[in-house]
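The values are calculated or read from the model by the stated rules, or taken from the named source; none is laboratory data. Being a predicted model, the structure only gives us computed values, none of them experimental. Cβ placement follows ideal geometry from the backbone for every residue including glycine, while neighbour counts extend to all protein chains displayed.
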C-alpha cells in the first residue's frame with residue numbers, strides 16, 4: 001500500500017470493525033485493534049432525519065431513527081444518541097476506553113436497563129460513535145409522570161384514573177424498577193454516574209436506566225473537568241472535594257433525589273440558581289425540603305440516601321425492601337378502590353336505567369288514563 005494514510009480513516013476503521021458496513025468503500029490498509037466491539041455498526045441500517053432533534057443533553061443530541069430489520073421492509077423505531085462535538089485529540093487511551101464502555105454496555109441484559117443495539121458512525125474526523133438503543137415512546141420518567149397526572153396515560157390497571165392513590169402506586173412501582181436497574185448495574189461493577197429523572201426512560205410503563213457508562217465517558221471527554229461526576233444538582237457533597245470520583249454511594253444520593261423528583265416533578269434545590277448549589281452542598285442543605293402531602297415513608301427513604309457520610313447512606317437492598325413494603329399494601333388498596341369504583345359505576349348505570357324505566361311507566365300510565373277519559 002502506497003501513500004500516507006488519512007488518520008481519520010484509520011480512526012473510523014478502528015471504531016467500526018469487525019462490523020464494518022459503510023455505504024462508501026474505504027481503502028484497504030492494515031489495522032491494529034485494541035479490542036473488538038460486541039456491538040454492531042448499524043450506520044447503514046438506520047435512517048435518521050438530522051433536521052429534527054428529539055432532544056438534547058449536555059454533550060449529545062438524540063435523534064429518532066428507523067432501524068431496518070431485514071429484507072421484508074420491516075423496521076423498528078430507535079433512538080440514536082450522537083456526541084455533539086468532535087474530540088480535539090483522540091488518543092489510544094480514549095479509543096480503548098470507548099471500546100471498553102461499548103463492549104460492557106452491549107453485554108448488559110436487564111428489564112430496567114436500556115439495552116445497546118449497536119453504534120452509529122458519523123463521517124467526521126475525530127468523532128466518537130453514537131449509541132443506538134430502542135425508542136421509548138413514554139419518554140422520561142418525568143414526562144411520563146406529568147402525563148399520568150394529567151390523566152393522559154393508561155395506568156397499570158388499564159383504566160385512566162386521575163386518582164392520588166393510583167398515582168402514588170405508579171410512582172412507587174417506577175422507583176422500585178429504577179432501584180432494581182441500579183442494583184443490577186452495581187452488581188456488574190458499573191457506576192451510573194449521572195442518575196436523574198430525565199435519564200430514566202419509560203416504555204410500556206416500565207422504567208429503564210439510560211445515560212450511564214459510555215454517555216458519562218463522552219461527557220468527560222467533551223465537557224469540563226467535573227463532567228464525569230454527573231449533573232451538578234444531583235451531586236453528592238463529597239463531589240465538592242478535590243479529586244472526587246464517581247462512587248456507588250454517590251449513585252444512592254442521586255437516587256434519593258429521583259424519589260423526590262418523581263413526587264414533586266421539581267429539580268433538586270428548586271428555586272435556587274446553579275451557582276447557589278455548591279454553597280448549599282457545603283452548608284449541608286438537603287436537595288429538597290419535605291413537600292406538603294408527600295407520603296412520609298417515601299420521604300424517609302430519600303432522607304436515608306442523603307447522609308453526608310457516604311458509608312452511612314442506605315444500601316440499594318434497603319431501599320428496594322422499603323419500596324416493596326410500601327408497594328404491596330398500595331397495590332391492594334388500589335385494587336380495592338378500583339373494585340369499589342367499578343361497582344359504584346355499575347350501580348349508577350343501574351339507577352339511571354331504573355329511573356328511566358320508572359319515568360317510562362309513569363308516562364304510559366298517564367297515557368292510559370287520558371285514553372280512558374276520552
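Structure above, values below:
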| quantity | calculated |
| --- | --- |
| Checklist (1) at negative phi; (2) out of contact with any helix residue (DSSP H, G or I) (no Cβ under 7 Å at 6 or more places or on another chain); (3) at pLDDT below 95 applied to residue 229, failing item | (2) |
| Residue in region 191-209 that is touching a helix residue (DSSP H, G or I) at 6+ places or on another chain (Cβ under 8 Å), at pLDDT below 90 and part of a helix (DSSP H, G or I) present | no |
| Unmet requirement for residue 300, which otherwise passes all of (1) modelled with pLDDT of 95 or more; (2) outside any helix (DSSP H, G or I) | (2) |
| Odd one out for residue 205 among (1) under 21 Å from residue 326 (Cβ atoms); (2) surrounded by fewer than 21 Cβ atoms within 10 Å (Cβ to Cβ); (3) within 9 Å of the chain's Cα centre (by Cα) | (3) |
| Single condition residue 144 does not satisfy, out of (1) assigned to a loop (DSSP other than H, G, I, E, B); (2) within 30 Å of residue 268 (Cα to Cα); (3) modelled with pLDDT of 75 or more | (1) |
| Qualifying positions in region 270-290 - assigned to a loop (DSSP other than H, G, I, E, B) and either at negative phi or under 25 Å from the mean Cα position of the chain (by Cα) (or both) | 270, 271, 272, 273, 285, 286, 287, 288, 289, 290 |
| Within region 306-331, tally of residues that are more than 24 Å from the chain's Cα centre (by Cα) and under 27 Å from residue 233 (Cα atoms) | 6 |
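Residue by residue, here is whether (1) on the phi > 0 side of the Ramachandran plot; (2) in a loop (DSSP other than H, G, I, E, B); (3) surrounded by 12 or more Cβ atoms within 10 Å (Cβ to Cβ); (4) modelled with pLDDT of 65 or more holds:
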residue	(1), (2), (3), (4)
11	no, no, yes, no
32	no, yes, no, no
62	no, no, yes, yes
106	no, no, yes, yes
